[in-house]
Amino acid sequence: MAQERGSRRRIRATQLSSAARARRVSANKREPEPTRISELEREALRTATSEGTIVLAADGVIVSANHRARSMLGLCDEDVGQSMRSVLARAMFAGSDGVPLTADSWPGLRALRGETVRSLDVGVHRDGRTTWL
């Protein structure tokens, strides 16, 4: 019987040891999920680029905008999470021919509708100056 107890202890100790090892391995493997890494990489690219970049959700809501886009369009932190249409309603913009454009003609919103936009110059009029996009 004493020998039986000893055997049980060894088996139990082995089982606990395996469980502890599994926890340790699991704890050491805690790396960011691939989707999170991709998000961080995309954010780093948006931040580093000198081009104005705005990310829109499928419904036209602003997901993010880098510093350059914010300065060109006069965006602020409160604009993130808002509809691009409502944000564009505050700005005046026109084509290279000087004809004012509606918010629905904004290239990003047109792309969300499945349109291909090429060679469209858009002038954003803010603070007495025009920024050409």
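Points to keep in mind about this one:
- Inclusion of Ser64 among residues that are assigned to a helix (DSSP H, G or I), under 22 Å from the mean Cα position of the chain (by Cα) and not hydrophobic (A, V, I, L, M, F, W, C) is not warranted.
- Residue ID - surrounded by the most Cβ atoms within 10 Å (Cβ to Cβ), chosen from residues in segment 71-83 that are over 18 Å from the mean Cα position of the chain (by Cα) and in a helix (DSSP H, G or I): Leu73
- Scanning segment 50-62 for residues that are of a type outside the set (Gly, Ala, Ser) and surrounded by fewer than 14 Cβ atoms within 10 Å (Cβ to Cβ) turns up Glu51, Asp59.
- Looking across Ala91, Ala65, Ala103, one residue alone is surrounded by 13 or more Cβ atoms within 10 Å (Cβ to Cβ), modelled with pLDDT of 85 or more and either among the charged types (D, E, K, R) or touching a Gly at 6+ places or on another chain (Cβ under 8 Å) (or both). It is Ala65.
- Considering segment 84-106, and only residues there that are free of Cβ contacts under 8 Å to residues at least 24 places away in the same chain and outside any loop (DSSP other than H, G, I, E, B), the residue that is farthest from Glu39 (Cα to Cα) turns out to be Pro100.
The values are calculated or read from the model by the stated rules, or taken from the named source; none is laboratory data. The structure presented is a predicted model; accordingly, all values stated were derived computationally and were not measured. For neighbour counting, all protein chains shown are included, and Cβ atoms are generated from backbone atoms with ideal geometry for every residue, glycine included.
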